[in-house]
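Step one of this worksheet: look at the structure below.
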């Protein structure tokens, strides 16, 4: 009987630990370089995130996936459901995509601090755009 009681307590403790969530604190200037991409992702301000993963061609921040093609520095300031804020610095055309957002939601894209165009996420919660960064 004592052995059985110990096993129940032990299993309960393991289930409790599996539900615990930890926050990840990332400091401004931290750089992530996916090996299969020419894009560099830079943290633009001190942030606390639930999840960050670096894959071969994209980055997962919280539950959002961001990828960029072309030679670009993507500076991430905020990635929450209410405010996705990043800057892309590039000298060649860049294609950018973000996935796992709210589906069928309209977002405003700013260029040089001014509203440039609106974009709507698809039914899967993703959108992408490309831009010729020279001169526009």
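Model label points for residue 63 and residue 27, set 7 angstrom from Cα along the Cα-to-Cβ axis, are 3.1 nm apart.
Under the definition of Cα pairs under 8 Å and six or more residues apart, what whole-number percent is the relative contact order of segment 48-118? Mind dumping the intermediate values first?
Values: 102 pairs, mean separation 16.4, N = 71.
It rounds to 23 percent for segment 48-118.
For segment 37-132, the antiparallel share of DSSP beta bridges with both residues in that region comes to about 90%. Between the C-alpha center of segment 76-97 and that of segment 29-60 there is a gap of 12 Å. Placing a label point 7 Å from the Cα of residue 124 along the Cα-to-Cβ direction, the residues of segment 69-100 whose backbone N falls under 14 Å of that point are 97-100.
We did not get these values from a lab; they are worked out from the coordinates using the rules stated. Every value quoted in this text rests on a predicted model; they were computed, and no experiment measured them. Please note: Cβ atoms are built from the backbone with ideal geometry, for glycine as well, and neighbour counts cover all protein chains shown.
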